[in-house]
Amino acid sequence: MYSIKLNDKTARALDWLAKKRNTDPETLAIEAIEERIQTETRRSLEREAAAFRDMHAQLLMEIPGEYAAIYQGELVDHDQDMLALLERIEARYPDEPVLIRQVLHETIEPVIHVYSPRIEHD
């Protein structure tokens, strides 16, 4: 659990917006933080997808048909068994966004699985 100290201007703005939305400041702050984390996760995955596209031809030669895990622009793992790969990736990068895609002849593919930070609050 975190305790975050806000400057007076931000605290007043948070109180004003919470009242306007008929909620409490803590709920509003948590929503804002979660939205920011989702935005950063999405940006990170977009960079990983660009890296996947850049390395697609090489991956197609080396691991055709397998699932590739891309993290920080690098191939960090791959497997023909997606579930086995997911287990390893979750163990190695539990709260990190990791792009997993199957290496097929088509370069545009759907995202298979996304790992994002988990926020727990009372």
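In segment 33-45, which residue that is of a type outside the set (Asp, Glu) and either in contact (Cβ under 8 Å) with a residue 60 or more places away in the chain or surrounded by 14 or more Cβ atoms within 10 Å (Cβ to Cβ) (or both) is farthest from Ile70 (Cα to Cα)? Break it down into steps so the answer makes sense when it comes.
At the first step, the residues of segment 33-45 found to be of a type outside the set (Asp, Glu) are 33, 36-39, 41-45.
Filter once more, so that each one left must be either in contact (Cβ under 8 Å) with a residue 60 or more places away in the chain or surrounded by 14 or more Cβ atoms within 10 Å (Cβ to Cβ) (or both): 33, 37-38, 41, 44-45.
Working: Ile33: 25, Ile37: 19, Gln38: 18, Thr41: 14, Ser44: 11, Leu45: 9 Å.
This residue is Ile33.
Return the residues of segment 41-71 that are among the acidic types (Asp, Glu) and touching a Ser or Thr at 6+ places or on another chain (Cβ under 9 Å); say none if nothing qualifies.
Just the residues of segment 41-71 that are among the acidic types (Asp, Glu), to begin with: 46, 48, 54, 62, 66.
Matches in segment 41-71: none.
Hey, could you check segment 46-90 for residues that are part of a helix (DSSP H, G or I) and either in contact with a Cys (Cβ under 9 Å, 6 or more places away or on another chain) or of a type in the set (Asp, Glu) (or both) and say which is surrounded by the most Cβ atoms within 10 Å (Cβ to Cβ)? Write out each step before concluding.
As a first pass, look at segment 46-90 and keep what is part of a helix (DSSP H, G or I): 46-62, 82-90.
Those left that are additionally either in contact with a Cys (Cβ under 9 Å, 6 or more places away or on another chain) or of a type in the set (Asp, Glu) (or both): 46, 48, 54, 62, 87, 90.
Details: Glu46: 12, Glu48: 23, Asp54: 11, Glu62: 13, Glu87: 12, Glu90: 14.
Among those residues, the one meeting the criterion is Glu48.
Here are some conditions: (1) among the aromatic types (Phe, Trp, Tyr); (2) farther than 28 Å from Tyr71 by Cβ; (3) within 18 Å of the chain's Cα centre (by Cα). Trp16 meets all but one. Which one does it not meet?
It is condition (3) that Trp16 fails.
Can you spot a residue in segment 60-71 that is in contact with a Gly (Cβ under 9 Å, 6 or more places away or on another chain), in contact (Cβ under 8 Å) with a residue 24 or more places away in the chain and acidic (Asp, Glu)? Step through it out loud before you land on a result.
Taking segment 60-71 as the starting set, the residues that turn out to be in contact with a Gly (Cβ under 9 Å, 6 or more places away or on another chain) are none.
No, the conditions are met nowhere in segment 60-71.
Applying the selection to segment 1-26, what residues are of a type in the set (A, V, I, L, M) and either at pLDDT 95 or above or in contact with a His (Cβ under 9 Å, 6 or more places away or on another chain) (or both)? Before the answer, list the steps.
Within segment 1-26, the first condition is being of a type in the set (A, V, I, L, M), and the residues that meet it are 1, 4, 6, 11, 13-14, 17-18.
Within segment 1-26, Met1 is the sole residue that qualifies.
Can you name every residue in segment 1-31 that is among the small types (Gly, Ala, Ser) and surrounded by 12 or more Cβ atoms within 10 Å (Cβ to Cβ)?
Step one: list which residues in segment 1-31 are among the small types (Gly, Ala, Ser), which gives 3, 11, 13, 18, 29.
Across segment 1-31, the qualifying residues are Ala11, Ala13, Ala18, Ala29.
Out of all the residues in segment 44-61, which are of a type outside the set (Gly, Ala, Ser) and either within 12 Å of Val98 (Cα to Cα) or in contact with a helix residue (DSSP H, G or I) (Cβ under 7 Å, 6 or more places away or on another chain) (or both)?
So the first thing to find is which residues in segment 44-61 are of a type outside the set (Gly, Ala, Ser), and the list is 45-48, 52-56, 58-61.
Within segment 44-61, Leu45, Glu46, Arg47, Glu48, Phe52 meet the criteria.
The values are calculated or read from the model by the stated rules, or taken from the named source; none is laboratory data. Quantities reported herein were computed from a predicted structural model and do not represent experimental measurements. Backbone-built Cβ (ideal geometry, glycine too); neighbour counts: all protein chains shown.
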